[in-house]
């Protein structure tokens with residue numbers, strides 16, 4: 001497979017700042033030409049003080065300026081700078097981002113937690129699809145532990161079963177305890193109790209998936225693999241349930257000093273490994289896990305797979321979008337949504353979005369958010385039929401939607417809220433919380449969704465066929481039905497008011 005010109009990923013993480021020069025062929029076929037990293041204590045500082053100090057910012061600039069030479073050596077001009085927990089949690093992040101842009105030339109994108117987990121999943125997903133044998137067909141729990149939280153992703157044969165994120169990553173857990181508490185012999189036991197309490201509510205959501213295989217990645221997982229499978233060479237490796245539990249039990253009471261001396265680890269590495277080992281132990285004990293598979297996927301390789309696909313593999317990006325839409329359907333089913341109605345509204349929304357592509361001015365990504373809005377627009381009825389759009393807003397805002405940023409999720413919630421309410425305007429608190437670009441996307445998608453929903457008023461699927469044709473001043477929607485469609489026709493006329501206001505053209509419903 002042809003390799004494309006190399007590009008670079010620059011990552012500011014909690015425990016290191018790194019750069020990778022990537023030669024990309026496909027999401028599952030990449031070559032890291034060169035990688036450089038610098039260990040830092042930025043994460044500990046952020047969780048302790050919620051800010052990066054002047055000296056830390058100066059050090060960060062110095063590291064990034066050094067990366068410039070590596071870019072020059074390879075002649076790389078395409079660079080994707082991305083930051084995670086450190087800048088996501090820093091109260092002075094805006095000033096830091098601006099200073100980094102001015103001092104180093106890097107304009108960093110700050111990934112939220114769901115986005116951070118998504119990148120690693122994208123690369124891991126393609127690795128799993130390439131697996132020969134039964135592993136690629138089994139239900140798996142993909143666990144992602146980062147500095148600020150933990151992601152639980154259910155996967156089976158190319159489908160997403162669920163995606164749940166919780167607070168309590170390796171550093172954020174440590175910073176919940178004082179320095180004195182962390183030095184006590186009972187600290188590991190207290191941390192174990194903390195994990196048990198914070199994760200106990202997750203298991204009812206997961207147990208129905210009948211998952212017996214746990215998939216790990218990240219630097220702690222690699223350390224664990226090297227300790228339990230010494231001399232095994234390259235990842236992936238497989239660890240049995242019994243081996244993991246026996247390993248942890250043999251170390252009890254589990255302390256940083258014991259990890260340092262037993263495995264020749266630095267104090268910092270042992271400190272970060274401690275909560276992760278206890279987390280693994282809690283998960284394996286709580287679930288019927290039989291085998292643990294450790295892969296060599298990192299956040300940087302996940303970013304490389306995703307950004308490379310965006311540039312060179314549109315089919316892989318489209319396939320990933322379908323996974324996300326499928327997950328939205330699973331979320332809607334959890335809240336007892338009418339799948340037949342949602343499916344028809346989704347189909348009509350896509351039809352209208354495509355018919356309007358010459359005038360709506362929206363990126364293809366907006367089409368994905370529109371589809372998710374169509375699928376989730378009535379989930380609030382699970383709470384209460386009265387004012388259900390508000391409950392839909394709250395459910396969507398409070399749900400992890402894999403690969404969707406917090407800003408995008410806010411748009412999905414707003415579209416789902418306003419499709420059946422008054423037109424969004426500056427008097428609405430929800431609407432005013434959106435940025436200018438979010439408001440534009442919400443207005444346009446809301447107008448489309450309102451029209452799409454009108455075509456299935458009554459939720460009875462009365463329309464056999466629907467097509468849409470755009471002319472200079474009209475959007476002609478042609479339908480075929482052998483039943484009375486008075487409610488659909490009247491609803492369409494009401495929905496046309498917002499549509500005409502937003503797009504400047506008149507939608508007309510024509511029955512064959």
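The values are calculated or read from the model by the stated rules, or taken from the named source; none is laboratory data. Fair warning: this is a prediction, and the values are worked out from it, not measured in the lab. Positions of Cβ are generated from backbone atoms using ideal geometry, with glycine treated the same way; all protein chains shown enter the neighbour counts.
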Test for residue 423: is it under 27 Å from residue 334 (Cβ atoms) and in a loop (DSSP other than H, G, I, E, B): no
Criterion: out of contact with any helix residue (DSSP H, G or I) (no Cβ under 9 Å at 6 or more places or on another chain), at pLDDT below 85 and closer than 25 Å to residue 57 by Cα - qualifying residue of 179, 138: 179
Number of positions in segment 344-361 that are surrounded by fewer than 16 Cβ atoms within 10 Å (Cβ to Cβ), over 27 Å from the mean Cα position of the chain (by Cα) and assigned to a helix (DSSP H, G or I): 0
Breaking point among (1) crowded, with 21+ Cβ neighbours inside 10 Å; (2) in the same structural domain as residue 182 (by TED's automatic domain parsing); (3) out of contact with any strand residue (DSSP E or B) (no Cβ under 9 Å at 6 or more places or on another chain); (4) not in a helix (DSSP H, G or I), for residue 337: (2)
Unmet criterion (only one of (1) at pLDDT below 90; (2) in contact with a strand residue (DSSP E or B) (Cβ under 9 Å, 6 or more places away or on another chain)) for residue 243: (1)
Residue among 142, 185, 129 that alone is surrounded by 19 or more Cβ atoms within 10 Å (Cβ to Cβ) and at negative phi: 142
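Within segment 286-308, which residues are part of a loop (DSSP other than H, G, I, E, B) and surrounded by fewer than 21 Cβ atoms within 10 Å (Cβ to Cβ)?
287, 288, 289, 290, 296
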Count - residues of segment 1-45 that are in contact with a helix residue (DSSP H, G or I) (Cβ under 8 Å, 6 or more places away or on another chain) and assigned to a strand (DSSP E or B): 22
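Given 254, 272, 244, 279, which one is surrounded by 18 or more Cβ atoms within 10 Å (Cβ to Cβ), assigned to a loop (DSSP other than H, G, I, E, B) and in contact (Cβ under 8 Å) with a residue 24 or more places away in the chain?
254
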Filter result for residue 328 (over 30 Å from residue 195 (Cβ atoms), surrounded by 17 or more Cβ atoms within 10 Å (Cβ to Cβ), in contact (Cβ under 8 Å) with a residue 40 or more places away in the chain and under 16 Å from the mean Cα position of the chain (by Cα)): no
Subset of segment 466-500 [in contact with a helix residue (DSSP H, G or I) (Cβ under 8 Å, 6 or more places away or on another chain), part of a helix (DSSP H, G or I) and modelled with pLDDT of 90 or more]: 488, 491, 492, 494, 495, 496, 499
Those residues of segment 63-86 which are modelled with pLDDT under 95 and either crowded, with 21+ Cβ neighbours inside 10 Å or not assigned by TED's automatic domain parsing to the domain that holds residue 33 (or both), in sequence order: 84, 85, 86
